[in-house]
């Protein structure tokens, strides 16, 4: 009996030792393959950097889709026990840039659309449809002739409005000339002291066009599975500070599997003319509170 126990113990130890050796060998092989993969990935990144530095077109699109739907029946723990609610948001960032040795032409599109609903099923008079939440549309085109590697004489067209509600009411069209600074790759800073801000709106008593200075700073970058864009745009009116405005938008997405990932977008804006129009008061009496939005959800990389 003792011999059988001893034999069984020796056999188990041999099997365990064999498995441990196999695991160590597999881990060593994995480390060797990973080192080779890292080496090749470094070479691929270097080649991609050389390709990106070549003259020609550079294009890209990435976005975020976020949403949720819920339904409650006789859920007495909340104030409205029978309700349907939902939230849907879509963000798209696209660019098409032509980069040459003597000039550049940069085009960008940013849009953020969001719909929300809350239907109290016990109230037949409430609105049970999806209503507009955030509504942002921005289109820009920048052309520059290079003076040096980092500086250029440039002209900018930028148009901002809403798409779902009150299209072009208000709408803002900036046209101006000045200089563009590109201190590092993927970063563009526009400084245009000669700019005119055209404002299109039905309410002429609040919205007014004027001349001023336009400043834009944009940084767009893709690193592997990460896509990132931040854009700050401001118009400073020479006529009145009440006619000035600024907008800062940010988009981030991380690819988790194939083309699917997670995305986060948020934006801030200050515009006293919009505040006065919404509040129904004169421009000088408006309470210009900070505007903001954010969207969190799934992202899709085109």
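Is it true that some residue in region 73-87 is farther than 26 Å from residue 292 by Cα, in a strand (DSSP E or B) and at pLDDT 85 or above? Yes: region 73-87 contains one or more residues that are farther than 26 Å from residue 292 by Cα, in a strand (DSSP E or B) and at pLDDT 85 or above. For region 144-155, a residue qualifies if it is over 18 Å from residue 186 (Cβ atoms) and under 27 Å from the mean Cα position of the chain (by Cα), and exactly one does: 155. The condition (being outside any strand (DSSP E or B) and either in contact with a strand residue (DSSP E or B) (Cβ under 8 Å, 6 or more places away or on another chain) or closer than 26 Å to residue 269 by Cβ (or both)) is satisfied by just one residue among 164, 113: 164.
Among all residues of region 100-107, there is at least one that is in a strand (DSSP E or B) and under 29 Å from residue 298 (Cβ atoms).
Residues that are modelled with pLDDT under 95 and farther than 24 Å from residue 156 by Cα are absent from region 235-249 altogether.
Annotation: of all residues in region 223-253 being farther than 25 Å from residue 282 by Cα and surrounded by fewer than 17 Cβ atoms within 10 Å (Cβ to Cβ), the one that is nearest to the chain's Cα centre (by Cα) is 250. Pairs linking a residue in region 274-301 that is without any contact (Cβ under 8 Å) to a residue 24 or more places away in the chain and not assigned by TED's automatic domain parsing to the domain that holds residue 165 to a residue that is surrounded by 11 or more Cβ atoms within 10 Å (Cβ to Cβ) and assigned to a helix (DSSP H, G or I), with Cβ atoms under 8 Å and 6 or more positions apart or on different chains, do not occur. Of the candidates 231, 227, 250, the single residue that is farther than 27 Å from residue 198 by Cβ and assigned to a strand (DSSP E or B) is 227.
In region 196-209, the count of residues that are assigned to a strand (DSSP E or B), under 23 Å from the mean Cα position of the chain (by Cα) and either surrounded by 15 or more Cβ atoms within 10 Å (Cβ to Cβ) or modelled with pLDDT of 95 or more (or both) is zero. The number of residues in region 91-105 that are closer than 23 Å to residue 136 by Cα and without any contact (Cβ under 8 Å) to a residue 40 or more places away in the chain comes to 3. Considering (1) surrounded by 14 or more Cβ atoms within 10 Å (Cβ to Cβ); (2) free of Cβ contacts under 8 Å to residues at least 24 places away in the same chain, the lone condition that residue 135 does not fulfil carries the number (2). Residues that are modelled with pLDDT of 90 or more and either out of contact with any helix residue (DSSP H, G or I) (no Cβ under 8 Å at 6 or more places or on another chain) or over 22 Å from residue 202 (Cα atoms) (or both) within region 280-302 comprise 280, 281, 289, 290, 292, listed in sequence order. Among the residues of region 48-65, is there at least one that is within 22 Å of the chain's Cα centre (by Cα) and modelled with pLDDT under 80? Yes, region 48-65 contains at least one residue that is within 22 Å of the chain's Cα centre (by Cα) and modelled with pLDDT under 80.
For region 237-244, state whether one or more residues are more than 22 Å from residue 110 (Cβ to Cβ), part of a strand (DSSP E or B) and free of Cβ contacts under 8 Å to residues at least 24 places away in the same chain. Before the answer, list the steps.
So in region 237-244, the residues more than 22 Å from residue 110 (Cβ to Cβ) come out as 237-243.
Narrowing the set further to residues that are part of a strand (DSSP E or B) leaves 237.
Narrowing the set further to residues that are free of Cβ contacts under 8 Å to residues at least 24 places away in the same chain leaves none.
No: region 237-244 contains no residue that is more than 22 Å from residue 110 (Cβ to Cβ), part of a strand (DSSP E or B) and free of Cβ contacts under 8 Å to residues at least 24 places away in the same chain.
Looking at residue 129, is it assigned to a strand (DSSP E or B) and touching a strand residue (DSSP E or B) at 6+ places or on another chain (Cβ under 9 Å)? Criteria not met by residue 129.
The values are calculated or read from the model by the stated rules, or taken from the named source; none is laboratory data. As the structure is a prediction and not an experimental result, all values here were calculated from the model. Glycine also receives a Cβ, built like all others from the backbone with ideal geometry; neighbour counts cover every protein chain displayed.
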